[in-house]
Amino acid sequence: MNKNSNLYQIIYAAVMVLIVGTVLAFIYMALKPKQDDNIANDKRKQILSAVHMTPANNNAVEEVFKKYIVAGYLLDEKGEIADSSENVAFDVDMKNNIKLQERKLPIFKCKLDDGAIKYIVPVYGAGLWGPIWGYIAVNDNGTDVYGAYFSHEGETPGLGAEIANPVFQKRFEGKKIYKDGAFKPISVLKKGKSPENGEDKVDAITGGTITSTGVNNMLKDCLAPYKAFFEKLQSGTN
């Protein structure tokens, strides 16, 4: 075949595309299990961060997670366990879940070395430039926060991105989500501004007003469906 002909060039290009495509597909399939493991371990680290655990060794993340996260399940609207099958809570995609009319309600049960029980709730919302998310750990009295973790996709460094700073996250520790028997999720407001309904307050990030408002709305939206569960904790029926 004439190598200078159009037909030769077309066939040559098609063969090269096929070869390159096959090689790339093989590489993707070979690397995908490792990529999936890395994504899962990152999620485990985020959940553990809400209870003040950050394994220094990435190889130990799964082991630490299995040791301290003793259960994960889905709740129903009455605060009862609806599904406790393996990984059922871990596998919930909050990005898609938040859009559902009837959301799944995943929750993780953590048992610390001293025997204390904490319940970790995933939260998901919108910041200035994209999604924000995190985990809120609640004490087993169902009323106050033990720890918090937040992250983001693309908030402004030094401003909204500060929600990922442990200094900001620490402000939530000890804050109440129930006061005087009523559900009053934590408000994130500008310094000097007081909540209207007597909620506990965390100062917003200076210069990160929209992202802080996103955290405020995220907490209210994502914690509210768990009210029945929190109330069961308070009454000692869980």
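Observations, loosely collected:
- Residue-span extension gain [PHE90 to TYR8] - 0.36 nm each, minus C-alpha spacing: 24.2 nm
- Look at the alpha carbon pairs under 8 Å that are at least 6 residues apart: their mean separation over the length of the chain gives a relative contact order of 15 percent.
- Multiplying the residue separation of LYS193 and HIS52 by 0.36 nm and removing their Cα-Cα distance gives an extension gain of 47.9 nm.
- The calculated pair-distance distribution of the chain uses every alpha carbon pair, bins of 5 angstrom beginning at 0, and gives 1, 6, 12, 16, 17, 14, 10, 6, 4, 3, 3, 3, 2, 2, 1, 1, 0, 0 percent.
- Within the chain, percent of DSSP bridges classed antiparallel, to nearest 5: 90 percent
- Euclidean distance of C-alpha centroids, region 89-144 and region 167-197, integer Å: 17 Å
- Counted by neighbouring Cβ atoms within 10 Å, the residues GLU62, GLU231, GLU162 run from fewest to most as GLU62, GLU231, GLU162.
- Theoretical FRET efficiency, 1/(1+(r/R0)^6), r = Cβ-Cβ of VAL17 and ASP37, R0 35 Å, to 0.05: 0.70
- Averaging Cα coordinates gives a centre for region 48-62 and one for region 199-238; these two points are 24 Å apart.
- Nearby lysines by direct alpha-carbon distance to LYS67 (threshold 21 angstrom, same-chain neighbours under 8 apart not counted): LYS43, LYS45, LYS109, LYS111, LYS118
- Top of ILE47, ILE11, ILE107 by mean-square fluctuation, Gaussian network on the chain, Cα under 10 Å: ILE11
- In nm, spacing of pseudo-spin labels at ALA25 and PHE183 (7 Å Cα→C-beta vector): 4.9 nm
- Of the residues SER85, VAL61, GLY192, the one whose Cα sits farthest towards the positive end of the charge dipole of region 47-235 is GLY192 (charges of +1 on Lys and Arg Cβ, -1 on Asp and Glu Cβ, taken about the Cα centre).
A short reminder: the numbers here are calculations on the coordinates, not readings from a lab. Bear in mind the structure is a predicted one, so any value in this text is a computation, not a measurement. Cβ atoms come from the backbone with ideal geometry, glycine included; neighbour counts cover every protein chain shown.
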